[in-house]
Amino acid sequence: MLLKNISDLNADKETAVIINCNTKLVTTLALLSTLRYAEMPVLLIDCDSSDGSLDFFLSLMERYKFDVLKAPLRDHGLTLDWIFKQIKSEKVLLVDSDLEIKTSSIIVFFKDYIDEPTVFGCGFINGPGWLNDPIFGVLKGDLYHERPWMPLTFLKVAPIRDALIHGKSFAAFRLVNEYSLLGKLAKISLRYKLMNRIFWKGFDKLRNHFHGLNPAVVYYDTGAQIFEYL
């Protein structure tokens, strides 16, 4: 069914969500494997694709049962914020558009544990670790914050929504941690890099600690802040 708004989606206990933007072929693999193995309703969200994705998936709906929703293209994390604020389902399985589920066993594993009262989600952990490879560009040297492995993760909507209400977000960002324990003085010291070199050498202990480390910059990839909060 082609939906006009995410609020038109049925209030199912579980919904798998796949976000597509100009990747209809690999998204099809993700979609069909999810339909085969997840055993839950599937929502495909198309974000302003220009490769004929919408018409293509509407034609697939003649053979397979799933819902399609058009949405504007946003930062991926902000799209996830919007989904969890609006969706009526109790639990959401996030499936990346270039991921193929090859067995039902991992989904069964998720479902076996998701209803535990102290659990907010099931999946894999990504990080923490140093981004030391030059391939990371401006992020080189940052500490990569621990987060869920977002390509395949099963999340309860209620605790995620609570995190969003408290100002947290799925959006990625960099946190400058230099002299963070100095508060406002840290901003002054950062304006004078020469003074930093002269007077502040060895003062990395004034940084907040993350995973037993005191990095200058922490990179919160998509979902990391939500994970940290919950």
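Scanning region 118-159 for residues that are over 15 Å from the mean Cα position of the chain (by Cα) and among the aromatic types (Phe, Trp, Tyr), we see that the one that is modelled with the highest pLDDT is 130. Checked against the criterion of being more than 26 Å from residue 105 (Cβ to Cβ), assigned by TED's automatic domain parsing to the domain that holds residue 155 and surrounded by fewer than 17 Cβ atoms within 10 Å (Cβ to Cβ), the candidates 59, 53 yield just one match: 59. Residues considered: 162, 112. Of these, the only one that is surrounded by fewer than 18 Cβ atoms within 10 Å (Cβ to Cβ), under 18 Å from the mean Cα position of the chain (by Cα) and in a helix (DSSP H, G or I) is 162.
Considering (1) surrounded by 14 or more Cβ atoms within 10 Å (Cβ to Cβ); (2) free of Cβ contacts under 8 Å to residues at least 12 places away in the same chain; (3) among the aliphatic types (A, V, I, L, M), the lone condition that residue 135 does not fulfil carries the number (1).
Looking at this structure, is residue 80 over 18 Å from residue 96 (Cβ atoms) and either part of a helix (DSSP H, G or I) or modelled with pLDDT of 95 or more (or both)? Against the criterion (over 18 Å from residue 96 (Cβ atoms) and either part of a helix (DSSP H, G or I) or modelled with pLDDT of 95 or more (or both)), residue 80 does not qualify.
Among residues of region 5-50 being farther than 30 Å from residue 115 by Cβ and in contact (Cβ under 8 Å) with a residue 60 or more places away in the chain, the one that is surrounded by the fewest Cβ atoms within 10 Å (Cβ to Cβ) is 26.
I'm checking my understanding of the structure. Among residues of region 43-77 that are under 13 Å from residue 18 (Cβ atoms) and part of a helix (DSSP H, G or I), which one is farthest from the chain's Cα centre (by Cα)?
60
Would you pick out the residues in region 97-117 that are under 17 Å from residue 155 (Cβ atoms) and of a type in the set (Lys, Arg)? The one that is under 17 Å from residue 155 (Cβ atoms) and of a type in the set (Lys, Arg): 111.
The values are calculated or read from the model by the stated rules, or taken from the named source; none is laboratory data. The structure displayed is predicted, hence computed values, not measured ones. Neighbour counts run over all protein chains shown; Cβ positions are idealised from the backbone, glycine included.
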